[in-house]
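**Q** Okay, handing you the structure first.
Since every read-out is calculated from the coordinates, none of them should be taken as a lab result. Predicted model only: the values in this text are computed from it and were never measured. Every residue, glycine among them, receives a Cβ derived from its backbone with ideal geometry; neighbour counts consider all protein chains shown.
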Amino acid sequence: MKAVVFHGVGDIRVDDVPEPKIEQATDAIVRLTASAICGTDLHFVRGTFPGMKEGTVLGHEGVGIVEQVGDGVRNIAVGDRVVIPSTIACGYCSYCRDGYYAQCDNANPNGAGAGTAFYGGPALSGGFNGLQAEKARVPFANVNLVKLPDEVIDDQAILLSDIFPTGYFGADLADIKPGHTVAVFGCGPVGQFAIASAKLMDAGRILAVDNRPDRLEMARRQGAEIINFDEEDPVQTIKDLTGGIGVDRVIDAVGVDSECPHHGPAAAEAQQKQEAFRQEVSQIAPEQHPQGDNWHPGQAPSQAQQWAIQALAKAGTLSIIGVYPPNDTSFPIGMAMNKNLTIKMGNCNHRKYIPHLIELIRNGSFDPISVLTQREPMQSALDTYKAFDTRQPGWIKVELLPQGQGARH
Ligand SMILES: NC(=O)c1ccc[n+]([C@@H]2O[C@H](COP(=O)([O-])OP(=O)(O)OC[C@H]3O[C@@H](n4cnc5c(N)ncnc54)[C@H](O)[C@@H]3O)[C@@H](O)[C@H]2O)c1
Ligand SMILES: [Zn+2]
Ligand SMILES: [Zn+2]
């Protein structure tokens with residue numbers, strides 16, 4: 001079967017790979033009808049989240065039809081249409097039972113202390129083959145498959161695999177109360193869902209920061225007040241817009257490939273920090289293989305965090321859902337400590353939120369589909385990755401079609 005395979009930093013290919021097989025009685029095999037590319041995949045290819053093993057099938061977003069189930073799977077049947085939560089959980093340990101599926105004790109073969117198990121990630125995440133493939137093996141299928149109602153179509157469902165739950169998780173961690181003013185840093189697909197989720201939680205105002213006009217425009221269409229960090233100093237603007245107080249809540253939806261301003265009033269300060277940023281990048285991404293415009297690590301890993309802390313009101317809450325690798329030690333702890341901030345973060349507990357979000361879509365309370373801007377056959381994944389990597393105008397969320405159905409835009 002065809003799959004998108006990681007060969008090395010800066011080197012991904014669509015290869016022929018063996019089909020997955022049932023390995024445990026609790027496994028299922030799913031034939032994928034939709035997959036997608038995530039900002040997390042870009043960190044791997046840029047080298048800013050190290051530790052990927054050559055030969056790993058990429059991707060952690062998938063929707064499909066169950067093709068085979070092991071003898072131990074009692075609630076899912078061949079032919080069921082399902083969404084696959086990105087993180088893998090056992091469903092029976094104390095963490096899973098408490099909703100911390102991303103900290104499951106049993107799903108990661110490297111052991112309870114190894115961290116989040118997910119598809120298509122580094123060796124430490126379990127070395128599971130990913131979902132940018134025609135088929136995939138799903139462990140603990142009773143928990144790690146969620147059945148889809150007919151009313152929720154693939155183009156909506158693929159957003160439920162990772163990024164809508166992650167945005168919702170970000171808003172949940174931020175502890176948004178009705179009326180709060182919330183700033184979302186990063187208006188990529190995850191940031192868009194953080195904005196949507198802050199709205200669902202009745203935030204009073206949402207301020208959205210990025211430097212990509214098309215992404216900011218999408219945020220504005222959702223009702224956010226937009227701030228372009230290449231045109232304004234985002235911290236000063238947030239202060240100006242909030243009576244000098246700052247925001248109650250910040251959601252960081254940027255992650256390690258954070259950029260710093262190259263134009264506008266904030267560029268001079270970023271310029272002064274160039275050397276410190278350069279050191280952060282070389283510590284985080286010892287191996288990099290940029291090619292032309294592609295696979296360049298962000299130049300300023302801690303930039304969004306610094307702004308987030310400065311933009312928060314005293315005693316505010318910072319929710320970090322942007323991904324930072326374990327070897328990143330650049331968080332500005334002192335600034336945060338001295339403002340009595342609350343900081344919450346982590347990998348999304350996808351399985352906790354997906355059933356609720358399916359219901360919001362099914363009953364018409366919220367339609368996520370406008371965040372999906374591209375549908376491409378998986379065969380052309382390399383070009384598709386490249387366009388998403390450089391944030392081509394209009395390319396916000398990219399669905400991959402593993403069965404190669406004709407691409408529509
Ligand atoms: N916690 C989780 O479980 C989880 C799940 C999915 C994705 N993620 C992470 O969420 C992050 C966003 O994912 P995505 O798919 O939207 O990626 P993306 O790369 O498309 O989006 C990142 C956005 O941040 C903007 N940006 C860069 N530097 C910035 C800065 N200093 N301030 C404000 N905006 C800045 C970029 O222009 C871009 O629009 C990634 O780090 C990804 O790994 C986390
Ligand atoms: Zn993801
Ligand atoms: Zn568990």
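**Q** Using Cα pairs closer than 8 Å and at least 6 residues apart in sequence, work out the relative contact order for segment 148-305, in percent.
**A** On the way: 261 pairs, mean separation 31.6, N = 158.
Relative CO of segment 148-305 lands at 20 percent.
**Q** Here is a follow-up. May I ask for the equivalent-ellipsoid semi-axes of segment 260-407, computed as the square root of five times each C-alpha gyration tensor eigenvalue and listed largest first in whole Å?
**A** On the way: eigenvalues 203, 123, 44 Å².
The answer is 32, 25, 15 Å, longest axis first.
**Q** Can I ask one more? What residues qualify as long-range amide H neighbours of Ile12, i.e. H under 5 Å apart, gap of 5 or more or another chain, H built at 1.01 Å from N?
**A** Amide H neighbours of Ile12: His7.
**Q** Mind listing the long-range amide H neighbours of Leu312? Cut-off is under 5 Å, sequence gap 5 or more, other chains count too, H placed in the peptide plane at 1.01 Å from N.
**A** Val247
**Q** Sticking with this one: Name the aspartates and glutamates eligible as straight-distance cross-link partners of Lys2: C-alpha to C-alpha under 19 Å, and not fewer than 8 places from it in the same chain.
**A** Asp11, Asp15, Asp16, Glu19, Asp41, Glu54, Glu61, Glu67, Glu134, Glu376, Asp383, Glu399
**Q** Most mobile of Gly292, Gly113, Gly130 per a Gaussian network model of the chain (Cα springs, under 10 Å)?
**A** Ranking Gly292, Gly113, Gly130 by mean-square fluctuation puts Gly292 first.
**Q** Here's something else I'd like to know. If N is the number of residues in segment 147-262, what value comes out of its Cα radius of gyration divided by 2.2 N^0.38 Å? Write down the numbers at each step before the final one.
**A** Working: Rg = 14.5 Å, N = 116, 2.2 N^0.38 = 13.4 Å.
Cα Rg divided by the expected 2.2 N^0.38 Å: 1.08.
**Q** Relative contact order of the chain, please, whole-number percent, based on alpha carbon pairs below 8 angstrom and at least 6 residues apart. Each step should come with its number before you reach the end.
**A** Details: 1034 pairs, mean separation 77.0, N = 409.
Reported as a whole number, the value is 19 percent.
**Q** Once the Cα atoms of helix 163-173 and of the chain are each reduced to a long axis, what angle between those two axes, in degrees from 0 to 90 to the nearest 10, is obtained?
**A** Value to nearest ten degrees: 50.
**Q** Along the three principal axes, how long is segment 110-200 when you take its alpha carbons, biggest first, rounded to the nearest angstrom?
**A** 43, 38, 24
**Q** Using +1 at the C-beta of Lys and Arg and -1 at the C-beta of Asp and Glu, which of Thr166, Val209, Ser197 has the Cα lying farthest in the positive direction of the dipole of segment 133-223?
**A** Val209
**Q** What does the highest-first list of 318-325, 48-55, 183-190 look like by mean Cβ count within 10 Å?
**A** Values: 318-325: 24.9, 48-55: 17.4, 183-190: 29.8.
Result, highest mean Cβ count within 10 Å first: 183-190, 318-325, 48-55.
**Q** Let me ask something else about it. Please give me the summed charge of the neighbours of Glu61: other residues whose Cβ is under 10 Å from its Cβ, Lys and Arg +1, Asp and Glu -1. Mind showing how you got there, number by number?
**A** Values: positive: Lys397; negative: Asp41, Asp162, Glu399.
Residues close to Glu61 contribute a combined charge of -2.
**Q** Once the other residues with Cβ under 14 Å from the Cβ of Ile12 are scored (Lys, Arg +1; Asp, Glu -1), what is the net sum? Present the calculation step by step, with values, prior to reporting the outcome.
**A** Numbers: positive: Lys2, Arg13, Arg46, Lys53, Lys386; negative: Asp11, Asp15, Asp41, Glu54, Asp383, Asp389.
That sum, taken over residues with Cβ under 14 Å, equals -1.
**Q** What does the net charge come to around Ser302 if you take all other residues with beta carbon closer than 11 Å to its beta carbon, with K and R at +1 and D and E at -1? Please report the intermediate quantities before stating the final value.
**A** Working: positive: Lys273; negative: Asp252, Glu280, Asp328.
Around Ser302, the charge tally is -2.
**Q** Now for a different question. In whole Hz, with x marking every Gly and Pro, tabulate ³J(HN,Hα) for segment 348-363 from phi via Karplus 6.51 cos²θ - 1.76 cosθ + 1.60, θ = phi - 60°.
**A** Values per residue, Gly and Pro as x: 5, 8, 3, 4, 5, 9, 4, x, 5, 6, 4, 5, 4, 6, 4, 8 Hz.
**Q** Let me ask something additional. Nearest 20 debye, what's the magnitude of the dipole of the chain about its Cα centre given +1 on Lys and Arg Cβ and -1 on Asp and Glu Cβ? Before the final figure, lay out the partial values.
**A** Working: 34 positive and 48 negative charges, 142 e Å.
Using Cβ point charges on Lys, Arg, Asp and Glu, the chain gives about 680 debye.
**Q** Now for a separate question. Specify the angular offset, from 0 to 90 degrees and rounded to the nearest 10, of the alpha carbon long axis of helix 189-200 from the longest principal axis of the alpha carbons in the chain.
**A** 80
**Q** Here is a follow-up. Could you state the orientation-averaged shadow area of the convex hull built on the Cα atoms of the chain, in nm² to one decimal?
**A** Details: hull surface 72.7 nm².
Computing the convex hull of the Cα atoms and averaging its projections yields 18.2 nm².
**Q** Please give every one of the lysines within straight-line cross-link reach of Lys344, meaning a C-alpha to C-alpha distance under 24 Å, and leave out same-chain neighbours fewer than 8 residues apart.
**A** Candidates past the 8-residue exclusion: Lys177, Lys199, Lys239, Lys314, Lys352.
**Q** Given the rule -39500 (n - 2.57) for each run of at least 4 DSSP H residues, summed and divided by the residues of the chain, what is its mean residue ellipticity at 222 nm, to the nearest 500 deg cm²/dmol? Walk me through the intermediate numbers first.
**A** On the way: 14 runs with 113 residues, N = 409.
Here the helix-only value at 222 nm equals -7500 deg cm²/dmol.
**Q** Please compute the length gained on full extension between His262 and Asn110, using 0.36 nm multiplied by the number of residues separating them and subtracting their Cα-Cα distance.
**A** Values: separation 152, 0.36 × 152 = 54.72 nm, distance 4.17 nm.
So the chain would gain 50.6 nm between His262 and Asn110.
**Q** Please list 380-386, 58-64, 197-203 highest first by mean number of surrounding beta-carbon atoms within 10 Å per residue.
**A** Top of the packing list down: 58-64, 197-203, 380-386.
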